[in-house]
Amino acid sequence: MDAALFQYICCYAPVLLQCGLRLLIWGYWVLRVSRQIIVSLLLGLTLSVNSFAAVVADLYSAEVAVADNSEAALTAGAKAALSEVLVKVSGSTDVLQNPVLQSALGNARNLVQQYAYTRQQGNSGELRARFEFDDSIISEMLGKAGAPLWTANRPSVLVWMVIEGPAGRQFLNRESSPEMLSRVTEDFARRGVPVQFPLYDLNDTAMISADEVWRLNAASLSGASQRYGVQHILAGRLAILSNGSWVGDWSYLADNSRIDRSIRVGDPEAFLQAGVSLVAEAMSAKYAVAPSTSASEGVKVLVSGVSNYSDYAGIVVWLEGLELIEVANVEQIRGDTIQLNLVAQADAGQLAAIIELNKRLLPVRSSDSDIQLSYQWQK
């Protein structure tokens, strides 16, 4: 080694080492602070969204009954679980009639990421298996099949229900019908729809009676539901006939519209499933999105009212957390306004229905013809 070079290294090595250590410490600090900011932002955004929508967990897993722990039973269970996941992720039972997905169901056992057995009520109960599938594989399957994808950000539905029996008309709650309440909760979970039930406290009983719910009056139901901050309401009434059959009605209220269904069934469980299906199918028709190539160049989005870095970073992180959005590129920042280009598997209209589930992003008109979606950030 050249003597001059050796002397140079000996002279400056401590300085270089010190600079390197400072750089590592600075980098660690930045990552730590950034992580704290992003986590806090996500928590804040989640809280803001939850008043209107919720992020549904376990979309890509399902628990089903199995005959035993044999390979044949496991294969049958995997197929049943994958069917449930496909319905939950797409939002509709129609997806099971898709030829591409029917073929995939035959290979369900090989698509399982992991599984575990459980037994209800101790060792003597029903044997069940919980299957988990990879979200990217399921999304890719739905895309190849041309089937819709419903993101995990989903609106909550508030359920009012009255049952007419020998004791008269009673609200469906933990005291009157705990098993039915548990059943309808499980049915909504299987369809991936967040559900709420009224508290039936003094405030509720002052606002609406069991007889008023029985009449399925939209104005009364909407007024009593305001305290829960929901935009989707399901109201039902159910009675048993002298021949042992059950008859009832469901009314689904959302977006200033109403869907009514009259149902006659052999047992109350079928009635509950019909109400859950009504909500899931109607919601998915609005929010589930079939893969689109029309937005290949991206969707131009403008967000105003962004006054600090925390809000700016939070908006980008939240957008990129939506399954249909691959990248949220920030193209321009002018004062308190940011312009983004969303690379997504959906067009502007489809994205709008999903983005607007976040109540802090208020839709506004833009004077720029190039901007496809425009929002005002709400503090």
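The values are calculated or read from the model by the stated rules, or taken from the named source; none is laboratory data. All figures in this text were calculated on a predicted structure; none of them were measured in a lab. Cβ atoms come from the backbone with ideal geometry, glycine included; neighbour counts cover every protein chain shown.
Assorted remarks:
- Matching option when the condition is of a type outside the set (Ser, Thr, Tyr) and touching a residue at least 12 places away in the same chain (Cβ under 8 Å), among 302, 241: 302
- Applying the set (1) at pLDDT 90 or above; (2) of a type outside the set (Val, Ile, Thr); (3) over 30 Å from residue 191 (Cα atoms) to residue 366 leaves exactly one unmet item: (1).
- Of residues in the stretch 108-154 being among the β-branched types (Val, Ile, Thr), in contact (Cβ under 8 Å) with a residue 40 or more places away in the chain and in contact with an Asp or Glu (Cβ under 9 Å, 6 or more places away or on another chain), the one farthest from residue 74 (Cα to Cα): 151
- Residue selection: residue 305 satisfies the criterion of being over 30 Å from residue 144 (Cβ atoms) and buried (at least 16 other Cβ atoms within 10 Å of the Cβ).
- For the stretch 331-361, the tally of residues that are under 24 Å from residue 152 (Cβ atoms) and surrounded by 15 or more Cβ atoms within 10 Å (Cβ to Cβ) stands at 20.
- Residue in the stretch 338-358 that is over 29 Å from residue 192 (Cα atoms), outside any strand (DSSP E or B) and of a type in the set (Asp, Glu) present: no
- Here residue 216 meets each of (1) crowded, with 19+ Cβ neighbours inside 10 Å; (2) under 26 Å from the mean Cα position of the chain (by Cα) with one exception, condition (2).
- Considering the stretch 233-257, and only residues there that are exposed (fewer than 14 other Cβ atoms within 10 Å of the Cβ) and at negative phi, the residue that is nearest to the chain's Cα centre (by Cα) turns out to be 257.
- All positions within the stretch 115-145 that are under 20 Å from the mean Cα position of the chain (by Cα) and polar (S, T, N, Q): 136, 139
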